[in-house]
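Undergrad: First, the structure itself, so that you have it in front of you.
The values are calculated or read from the model by the stated rules, or taken from the named source; none is laboratory data. Values in this document were obtained by computation on a predicted structure and should not be read as measured data. Glycine also receives a Cβ, built like all others from the backbone with ideal geometry; neighbour counts cover every protein chain displayed. Heads up: the accessible areas ignore ligands, DNA and RNA and are worked out on the full protein's heavy atoms, side chains in. Shrake-Rupley method; radii C 1.70, N 1.55, O 1.52, S 1.80 Å.
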Amino acid sequence: MLITFADRYEMIATLGNGPLDTMVELGVYKGEFADFCSQKITPNRHYLIDFWDYDRYEFVLKDAPQNLERQAIFESYFDNEPRETLSRAQLQVEATFSNRSNTKIIKADIAAAAVEFPDNFFDVIYLDGNHTYEFVLRDLYTWYPKLKSGGLFVCNDYFESSFAAKQNIGVIPAFQTFSQRFEVHPIMLSMTEWSDFYFSNQPHSPLISRLIEGLINTGQNLLEIPSDFLGSYHHSAVKITGGQILLPVFGKGK
Ligand SMILES: C[S@@+](CC[C@H](N)C(=O)[O-])C[C@H]1O[C@@H](n2cnc3c(N)ncnc32)[C@H](O)[C@@H]1O
């Protein structure tokens, strides 16, 4: 598995170095990242799925302290008026993509929308919805079969930090649970805040090569590490300092 220091924009831009048929973003919000993907990759068919409805945000154990804390963080993420902010976000997405005939906007729950697509359909699936454990696991179970052979499944916010611990209380553990039950091949993880983690149902494919070669060609450092690292990932565990890559220390000690 590879570590990159590129951010998600640099990573995704590499996929534009060739044609791409189908891509879906699960959790779109204002569509800013979707717009970037649309312009850099221009998939033949680009699907954007979000319910843009704060009243449908669900949490298992809604009143448990970890979820009360999380809901407060969410309200501030949505400018302390989540209903209005999400409604405006939907309008913004509709306006941005109104003239792009390759784009289809689907206002629905992420898991419910999956039934609209056959298995083995998407080249790229970008997951960025409800980040609690149960929902990430649900979305992985629901959407992984929709990935083409050799396609790329991307989990956003695959990282831990003192800030992220409040917002993301499920992405890493959900993937760990999922990967013990399904054949998954970790491909690449970005060593940035709000990391993106790419995995696939195949270890090698033209699309995986395009991602790796694209980053090498733009001068990015890539570091091969054991996949075991994924369970204890922290975005600052590997650093570049003074031109040298500093590796993480496992086990006891500093
Ligand atoms: C972090 S934002 C997405 C940001 C966007 N991907 C970007 O990078 O610009 C999360 C979005 O997921 C949506 N969402 C959360 N849970 C969902 C669900 N179960 N079904 C549909 N949308 C959901 C929210 O409405 C919100 O717009």
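Undergrad: Determine which member of the set 130, 99 is in a loop (DSSP other than H, G, I, E, B) and at pLDDT below 95. Can you show your working first?
TA: On the way: 99 fails: at pLDDT below 95.
None of the other options fit; the residue is 130.
Residue by residue, here is whether (1) of a type in the set (A, V, I, L, M); (2) in contact with a helix residue (DSSP H, G or I) (Cβ under 8 Å, 6 or more places away or on another chain) holds:
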site	(1), (2)
172	yes, yes
185	no, no
190	no, yes
201	no, yes
210	no, yes
227	no, no
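Undergrad: Enumerate the pairs (first residue in the stretch 93-109 and of a type in the set (Lys, Arg); second residue anywhere and assigned to a helix (DSSP H, G or I) and open to solvent by less than 60 Å² (accessible area, probe 1.4 Å)) with beta-carbon separation below 8 Å, excluding pairs fewer than 6 apart on the same chain, so at least 6 apart or on different chains.
TA: Note: pairs meeting the criteria are 100/38; 107/90.
Undergrad: Any chance you could count how many residues in the stretch 102-123 are buried (at least 19 other Cβ atoms within 10 Å of the Cβ) and assigned to a strand (DSSP E or B)?
TA: Residues flagged as buried (at least 19 other Cβ atoms within 10 Å of the Cβ) and assigned to a strand (DSSP E or B) within the stretch 102-123 amount to 4.
Undergrad: Within the group 133, 126, which residue is open to solvent by less than 30 Å² (accessible area, probe 1.4 Å) and either in contact with a helix residue (DSSP H, G or I) (Cβ under 7 Å, 6 or more places away or on another chain) or under 25 Å from residue 211 (Cα atoms) (or both)? Quick ask: steps written out before the conclusion?
TA: Details: 133 fails: open to solvent by less than 30 Å² (accessible area, probe 1.4 Å).
It is 126.
Undergrad: For the stretch 48-65, state whether one or more residues are within 16 Å of the chain's Cα centre (by Cα) and not charged (D, E, K, R). Explain how you work it out, then say what you get.
TA: Of the residues in the stretch 48-65, the ones within 16 Å of the chain's Cα centre (by Cα) are 48-50.
Still in the running and not charged (D, E, K, R): 48-49.
Checked the stretch 48-65: at least one residue is within 16 Å of the chain's Cα centre (by Cα) and not charged (D, E, K, R).
Undergrad: With the requirement that a residue be more than 17 Å from residue 226 (Cα to Cα) and open to solvent by less than 10 Å² (accessible area, probe 1.4 Å), what does the stretch 158-191 give you? Before the answer, list the steps.
TA: Residues of the stretch 158-191 that are more than 17 Å from residue 226 (Cα to Cα), as a first pass: 160-171, 173-174, 177-178, 181-182.
Within the stretch 158-191, 164, 168, 170, 171, 174, 178 qualify.
Undergrad: Let me ask something else about it. Might you check whether a residue that is near the ligand (Cβ under 9 Å from one of its atoms), of a type in the set (Asp, Glu) and open to solvent by 20 Å² or more (accessible area, probe 1.4 Å) occurs anywhere in the stretch 16-27? I'd like the intermediate steps shown before the answer.
TA: Filtering the stretch 16-27 down to residues near the ligand (Cβ under 9 Å from one of its atoms) leaves 25-27.
Filter again for of a type in the set (Asp, Glu), leaving 25.
Keeping just the survivors that are open to solvent by 20 Å² or more (accessible area, probe 1.4 Å) gives none.
No: the stretch 16-27 contains no residue that is near the ligand (Cβ under 9 Å from one of its atoms), of a type in the set (Asp, Glu) and open to solvent by 20 Å² or more (accessible area, probe 1.4 Å).
Undergrad: Mind checking whether some residue in the stretch 35-48 is away from the ligand (no atom under 14 Å from the Cβ), of a type in the set (A, V, I, L, M, F, W, C) and surrounded by 18 or more Cβ atoms within 10 Å (Cβ to Cβ)?
TA: The answer is yes, given that some residue of the stretch 35-48 is away from the ligand (no atom under 14 Å from the Cβ), of a type in the set (A, V, I, L, M, F, W, C) and surrounded by 18 or more Cβ atoms within 10 Å (Cβ to Cβ).
Undergrad: If residue 47 satisfies every condition in (1) without any contact (Cβ under 8 Å) to a residue 40 or more places away in the chain; (2) closer than 28 Å to residue 144 by Cα but one, which is the exception?
TA: Among (1) without any contact (Cβ under 8 Å) to a residue 40 or more places away in the chain; (2) closer than 28 Å to residue 144 by Cα, residue 47 violates only (1).
Undergrad: Something else now. What single numbered condition from (1) more than 16 Å from the ligand (Cβ to nearest atom); (2) without any contact (Cβ under 8 Å) to a residue 24 or more places away in the chain fails to hold for residue 121?
TA: (2)
Undergrad: Further, regarding this structure: Just give me the residues in the stretch 49-81 being within 22 Å of residue 134 (Cα to Cα) and modelled with pLDDT of 95 or more, in sequence order.
TA: The answer is 49, 50, 51, 52, 53.
Undergrad: Please list, ordered by first then second residue, the pairs with beta carbon atoms under 7 Å, 6 or more apart or interchain, first in the stretch 129-156 and farther than 14 Å from residue 197 by Cβ and among the acidic types (Asp, Glu), second open to solvent by 20 Å² or more (accessible area, probe 1.4 Å) and away from the ligand (no atom under 11 Å from the Cβ).
TA: 134/60
Undergrad: Right, next: Please verify whether the stretch 145-161 includes one or more residues that are hydrophobic (A, V, I, L, M, F, W, C), under 19 Å from the mean Cα position of the chain (by Cα), at pLDDT below 95 and within 30 Å of residue 191 (Cβ to Cβ). Lay out the reasoning, then the answer.
TA: Our first condition is that a residue be hydrophobic (A, V, I, L, M, F, W, C); within the stretch 145-161, this holds for 147, 152-155, 159.
Those left that are additionally under 19 Å from the mean Cα position of the chain (by Cα): 147, 152-155, 159.
Checking the rest, the ones that are also at pLDDT below 95 come to 159.
Next, from what is left, pick out any that are within 30 Å of residue 191 (Cβ to Cβ): 159.
Scanning the stretch 145-161 turns up at least one residue that is hydrophobic (A, V, I, L, M, F, W, C), under 19 Å from the mean Cα position of the chain (by Cα), at pLDDT below 95 and within 30 Å of residue 191 (Cβ to Cβ).
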